[in-house]
Amino acid sequence: MPRRDPGPSVKDDELYEKLRDEGNSKEKSARIANAAAAEGRSTVGSRGGESGSYEDWTVDDLRKRAAELDIEGRSSMRKAELIDALRSH
């Protein structure tokens with residue numbers, strides 16, 4: 001399989017490729033790879049858990065977050081669909 005060229009904005013190409021191979025979006029992979037390059041992989045890996053589970057969010061809050069991420073079709077999605085879309089973004 002040919003390597004994808006993420007471009008000059010991605011600072012950790014190896015991690016970016018691994019994340020893309022796992023099925024993560026380009027945006028999410030780049031965000032994680034750049035954070036890891038700036039702060040170190042162990043720091044980024046130990047961070048997280050600051051936000052509650054999406055299941056605890058209201059549909060309105062989920063739609064607001066989906067709007068921030070520009071997820072298409074969010075206005076007609078049910079709660080479970082919004083959660084899936086947010087997790088796979």
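The values are calculated or read from the model by the stated rules, or taken from the named source; none is laboratory data. Quick caveat, the model's predicted, so the values are computed rather than measured. Here the Cβ positions follow ideal geometry from the backbone for every residue, glycine too, while neighbour counts run over all protein chains shown.
Summary of values
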read-out: So Ser29, is it in contact with a helix residue (DSSP H, G or I) (Cβ under 7 Å, 6 or more places away or on another chain), modelled with pLDDT of 75 or more and hydroxyl-bearing (Ser, Thr, Tyr); value: yes
read-out: Among residues of segment 57-89, those that are modelled with pLDDT under 90 and exposed (fewer than 11 other Cβ atoms within 10 Å of the Cβ), counted; value: 1
read-out: Scope segment 64-89; condition under 15 Å from Asn24 (Cβ atoms) and among the hydroxyl-bearing types (Ser, Thr, Tyr); matching residues; value: Ser88
